[in-house]
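Okay, structure first, notes after.
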Amino acid sequence: MEVLYICLFIFCLQMTSISSATTSVPQADKDFVKNSCKVTTYPSVCNKALSPYAGYIKSSRLKLTYLSLSLTLKSAKASSTLISNLAKNKRLTNYEAEIVTDCIENIEESVDQLQQTLLAIANLRGADKAFQLSNAKTWASAAITNENTCIDAFSEGEVSSSVKKTVQKSLLGVTRLNSNALYLINHLY
């Protein structure tokens, strides 16, 4: 797990320097991201998330996939924080509080699974490459299942529209990013 945090730290440092240098990105790099996103489940979401990093990605499927997962993880963590803050709302009904509590568990598990996915992608070297790729697919898919479980829970029963909209909007963004990342994993090699 320590390796994952080191990788994420290095990635964050790179992203800081990348975002300031995106003005002179070669068209070929922009086209690579655009064409890669065109075939994902949510092309506009993919392109919007990844195109600012085209200069970093260049034409590397591995960087594209890793970055897509990193942005998904960042979004999942933000959703986890939002839903955890929602749980502190004293005006929630008992039913809403129960669903929010269950959702927090699901999204925290999703965050863990996305971290495992990143770790597997970071270790796609050597003899166990196929094993690591299989693990990445499994973890990313499981994360989507947890996100959808949370979304579905808010579709059922008596939940205020404001609570429902807040959670569903947040998690829908995560699920779409995650779906795109899973597509990229499945087409990595």
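The values are calculated or read from the model by the stated rules, or taken from the named source; none is laboratory data. The structure displayed is predicted, hence computed values, not measured ones. With ideal geometry, Cβ positions are generated from the backbone for all residues, glycine too; neighbour counts draw on all protein chains shown. Side chains are part of the model used for accessible areas, which takes the heavy atoms of the whole protein and leaves out ligands, DNA and RNA. Shrake-Rupley method; radii C 1.70, N 1.55, O 1.52, S 1.80 Å.
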- Query: Using beta carbons and a limit of 8 Å, which pairs, at least six apart or on different chains, have the first residue in the range 45-59 and closer than 11 Å to Asp29 by Cα and the second one of a type in the set (Phe, Trp, Tyr) and open to solvent by 30 Å² or more (accessible area, probe 1.4 Å)?
  - Reply: Ala54/Phe32; Ile57/Phe32; Lys58/Phe32; Ser59/Phe32
- Task: For the range 78-115, name all the residues that are touching a residue at least 24 places away in the same chain (Cβ under 8 Å), open to solvent by 40 Å² or more (accessible area, probe 1.4 Å) and among the charged types (D, E, K, R).
- Result: Asp102, Glu108, Glu109
- Message: Just to be sure I understand the filter: pairs with C-beta atoms under 8 Å, separated by 6 or more residues or on different chains, first member in the range 120-141 and more than 13 Å from Leu184 (Cα to Cα) and free of Cβ contacts under 8 Å to residues at least 40 places away in the same chain, second member assigned to a helix (DSSP H, G or I) and among the aromatic types (Phe, Trp, Tyr). Which pairs pass?
- Response: Ala120/Trp139
- Query: So which pairs qualify, if the first residue must be in the range 143-160 and closer than 13 Å to Thr101 by Cα, the second must be part of a loop (DSSP other than H, G, I, E, B), the Cβ gap must be under 9 Å, and the two must be at least 6 apart or on different chains?
  - Reply: Ala153/Val159
- Query: Within the range 142-182, can you find the residues that are closer than 23 Å to Ile121 by Cα, within 12 Å of the chain's Cα centre (by Cα) and either acidic (Asp, Glu) or open to solvent by 50 Å² or more (accessible area, probe 1.4 Å) (or both)?
  - Reply: Glu147, Arg176
- Message: Would you confirm whether or not the range 106-113 contains a residue that is of a type in the set (A, V, I, L, M, F, W, C) and assigned to a helix (DSSP H, G or I)?
- Response: yes
- Note on the structure: the range 1-97: helices (runs of 4 or more DSSP H) wholly inside it with 1 or more residues that are within 17 Å of Asp112 (Cα to Cα) and modelled with pLDDT under 95 are 2-19, 61-87
- Task: Run down Ile57, Ile121, Ile104 and say which single residue is aliphatic (A, V, I, L, M) and under 15 Å from Val174 (Cα atoms).
- Result: Ile104
